[in-house]
Amino acid sequence: MTFKTFEGRLTLRVLLLLLTLSAPAIVVVNGWAEVLVFLIPLLIYQVYELIRFSKKAQDEFNQFVESVHYRDFSRFFNEAKSPVELEVLRKGFNEINSTFKALSKEKESQFQNLQQVIALVNTGILSYELRSGEVVLMNDSLRKLLHLPHMQTVHYLARRDQDLYEEVLKLQPGHTKITTAHTSYLEKASFKVLLSATGFQNEGLHYKLVAFQNVSEALDETESLAWQKLLNVMTHEIMNSVAPISSLADTLKSRLKESTIQGISQDDLEDLKVGIETIKRRSQGLLRFAETYRSLSKITKLNLETVYVQELFGNLKQLMKPTLDQKNITLNIVLKDPTIALQADTNLLDQVLINLLVNAIEAVKDQPNPEITLTAYTDAENKTVIKIIDNGTGMSKAVQEKIFIPFFSTKRQGSGIGLSLCKQIVLLHRGSIQVQSEEGQGTAFSLRFG
């Protein structure tokens, strides 16, 4: 049984070869030189057999390597009719082929599933190699969205929509942007698309994958709802001022007519003066209201600089100290890392924090132990988070949904512009503002800056 394996047969051949090589010395010593005539052919035959024996395994291995090179995993190495010494080798090759075949089948199945998913999603997907611009993936949704044929390179997009092409090239992996796409192949149309990009590397080449999503309808619907809410608030505010002015003007007109007929008295003059002053005051109020509305669109440019949160909190505490002391409100500053900084417009960011702190003061002023906390930290996404937390009266869900709408206010004398302005400033800094609140549990405003 020992000599039925590849190692056993190879060992046997080597031993026989060594024995044959030793025989000439014995023959010569004993004076049997004529025997060499038989030993030399035997020696040559054994060397030839050893080479042929080794070459069989080499040939089998070369065939296997060839099948792997051409990815021909269907090739079968016959184990039943193979020489004993090659049986284990062929069995190993067949097992490897079977494994590769299973992996290839699994990979093909995954690829087909991925192709189906990409084909079914409504989002357009484009993937291309960064250096050459060669397109490696483009789904049907993108072709339908932009009315494009199959593209060999991303540069073809410039012929259809130069502006969109430039936006795609400029978009950095990990970022999103809303831009306008134009089509002219079937019909001329313009619509808003949300571009999202990600990057990856494969075999030393760098690729970018861009997702295109038509957001025109969503934006139009959102914009329409925003305008409806804004107009409702504006109509309410304007009517609150115009109705009394109109009524007072009618009253003054009647009094003036009566005075013209009966003669004007000192009381009439005093009433007219008071009435006119009231109309003037309410008219000025309307002008201030319009000016407040206009301030929403004034801020368009930022003067960015490095701002340390510790300094922001210190200045804010000093500024608001008299008010806080007067109302017996405790202001806590929690800042574990005093080196936290961000790129921001100091004046505008101060205004945001002042507005939020003033709102917090208003919320806690009637609490038994009024307390406000300013804190900042860096989150898991490496964003700077600033929080203003109070233990005030809190807000209902309905109020939380409306607080960032221009002119909405829960205060009787409020303009409803403060939080809207805060949100615009934070958005200009490419940040976000969120509120968490429960009635009777307090409120927390979170500002996140990338």
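Where a number appears in this text, it was derived from the coordinates with a stated rule and is not lab data. Quantities reported herein were computed from a predicted structural model and do not represent experimental measurements. Heads up, the Cβs are rebuilt from the backbone with ideal geometry, glycines too, and the neighbour counts pull from every protein chain shown.
Amide H of GLY392 versus every other amide H placed in the peptide plane: which residues, excluding those fewer than 5 positions away on the same chain, fall under 5 Å?
Amide H to amide H, under 5 Å and 5 or more residues apart or across chains, GLY392 pairs with GLY442, THR443.
Using θ = phi - 60° and the Karplus curve 6.51 cos²θ - 1.76 cosθ + 1.60, what whole-Hz ³J(HN,Hα) does each residue of the stretch 129-139 get, with Gly and Pro shown as x?
7, 5, 6, 8, x, 5, 7, 10, 8, 8, 8
At ARG52 and PHE191, where each label point lies 7 Å from the Cα along Cα→Cβ, what is the point-to-point distance in nanometres?
7.5 nm
Through the Karplus equation 6.51 cos²θ - 1.76 cosθ + 1.60, θ set to phi - 60°, convert the phi angles of the stretch 331-346 into ³J(HN,Hα) values in whole Hz; use x for Gly and Pro.
10, 9, 10, 10, 9, 5, 10, x, 8, 4, 9, 8, 8, 7, 8, 4
What pairs from LYS397/LYS423; LYS317/LYS397; LYS208/LYS383 go past 28 Å between their alpha carbons?
On the way: LYS397/LYS423 18 Å; LYS317/LYS397 30 Å; LYS208/LYS383 24 Å.
In this structure, LYS317/LYS397 lie more than 28 Å apart at Cα.
Suppose each label sits 7 Å from its Cα in the direction of the beta carbon; what would the THR198-GLU439 distance come out to in nanometres?
4.2 nm
Would you mind checking which residues have amide H under 5 Å from THR153's amide H? H placed 1.01 Å from N; only 5 or more apart, or other chain.
HN-HN under 5 Å from THR153: VAL135.
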